[in-house]
1. Among residues belonging to segment 322-335 that are in contact with a helix residue (DSSP H, G or I) (Cβ under 6 Å, 6 or more places away or on another chain) and not in a strand (DSSP E or B), point out the one that is farthest from residue 196 (Cα to Cα).
2. Can you tell me which of 45, 21, 100, 63 is surrounded by 11 or more Cβ atoms within 10 Å (Cβ to Cβ) and modelled with pLDDT of 95 or more?
3. Say we look at segment 309-350 and pick out the residues that are farther than 18 Å from residue 276 by Cα and buried (at least 20 other Cβ atoms within 10 Å of the Cβ); which of these is nearest to the chain's Cα centre (by Cα)?
4. I'm trying to understand the selection: among the residues of segment 306-318, which are under 19 Å from residue 195 (Cβ atoms) and part of a helix (DSSP H, G or I)?
5. Is it fair to say residue 254 is at pLDDT 95 or above, more than 25 Å from residue 355 (Cβ to Cβ) and in a helix (DSSP H, G or I)?
6. Please list, ordered by residue number, the strands (runs of 3 or more DSSP E) wholly in segment 185-234 having 3 or more residues that are touching a residue at least 12 places away in the same chain (Cβ under 8 Å) and touching a helix residue (DSSP H, G or I) at 6+ places or on another chain (Cβ under 7 Å).
7. Need pairs with beta-carbon distance below 8 Å; first residue surrounded by fewer than 17 Cβ atoms within 10 Å (Cβ to Cβ) and within segment 144-159, second in a loop (DSSP other than H, G, I, E, B) and at pLDDT below 90; sequence gap 6+ or separate chains.
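The values are calculated or read from the model by the stated rules, or taken from the named source; none is laboratory data. Just so it is clear, the structure is predicted and the values come from calculations on it, not from any experiment. Every residue, glycine among them, receives a Cβ derived from its backbone with ideal geometry; neighbour counts consider all protein chains shown.
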């Protein structure tokens, strides 16, 4: 097995002292303020058909620190403030390249609380991490060891809505090794009744984490709704209870997806999935809650980066490919396939199909064809009583 050096983030929970929590809270506020000030300046320049880059906003930051109004920016480390400007530059680059929408202002209540430190703003020695402007190291719970001899290049401190503090260390991880080449491939059809259906016929049950905690969540939300908006401390406590339920759901979901994607990557050389537009699918009010709980996008993201780590291939088939209506035995295409139909019989060859298993097998077949030929797949032939399949676009090939 060949080792590959990849940048990897190791996330740990920590428990700050009162002074550390106050310092970090000030830093979060300053980071948000600098980001919003720079975004406002760039938006104003954009209205004049001018572009402002990172270096210009960095000069603006220096000027802001010299004013009486924003003199408090000098009380925190300058590195997280500079990193906020770099993040804004990335956001604008993605916007100009049409990969994202125009950057939005950060809200005090809804934005993620985080600050990023580079090597000049922290000290890491003998497993003890000390941030700039702090006299004592953070009390980190080392739930797993860092790679031997690893030295963090960046450190990100964050606090989630449930009030939990986390530190994420980015290091070069030499322990990740490419797995030996395997001769297996699998097609995967995602769903709601079953989270995954494999081309091998196997099905993985959808845990429905949100449904399990729905009663607890509803109770916490009712308690929050009864708090008056001006009731600061009590309303904040009720809001945190709601956040804790959401955090429990997200943690369990993420743990399940990590175990699932790791197993799939270890067992199969090639994994074929469908390129679904989850953003559009959640607009369906009847299914939005269940689709969000299934976390198909998170599943795909984990699958892709782990495949890149371990030398596997992930192929995404175009969402308009009629995987459910296409007979995996003879290639006939059925004219319609409502969602309530879970099994069907092909009019052309008489083969009986489980809807999801058939879709997974079709995804695997077209994915392997694209992998070998390196081109799109031609439309399927028309069949009596059916219709021709939509032309398959060339799927995106992941590294």
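1. First, the residues of segment 322-335 that are in contact with a helix residue (DSSP H, G or I) (Cβ under 6 Å, 6 or more places away or on another chain): 323-324, 326, 328.
When the remaining residues are screened for being not in a strand (DSSP E or B), the result is 323-324, 328.
Numbers: 323: 15, 324: 14, 328: 18 Å.
It comes out as 328.
2. Working: 45 fails: modelled with pLDDT of 95 or more; 100 fails: modelled with pLDDT of 95 or more; 63 fails: surrounded by 11 or more Cβ atoms within 10 Å (Cβ to Cβ).
None of the others qualify; the one that does is 21.
3. 312
4. Narrowing segment 306-318 to residues under 19 Å from residue 195 (Cβ atoms): 306-307, 314, 316-317.
Across segment 306-318, the qualifying residues are 306, 307.
5. Numbers: at pLDDT 95 or above: yes; more than 25 Å from residue 355 (Cβ to Cβ): yes; in a helix (DSSP H, G or I): yes.
Considered against the rule, which asks whether it is at pLDDT 95 or above, more than 25 Å from residue 355 (Cβ to Cβ) and in a helix (DSSP H, G or I), residue 254 comes out as yes.
6. Values: elements: 185-190, 194-198, 203-205.
Output list reads 185-190, 194-198.
7. From residues that are surrounded by fewer than 17 Cβ atoms within 10 Å (Cβ to Cβ), the pairs are 147/174; 147/175.
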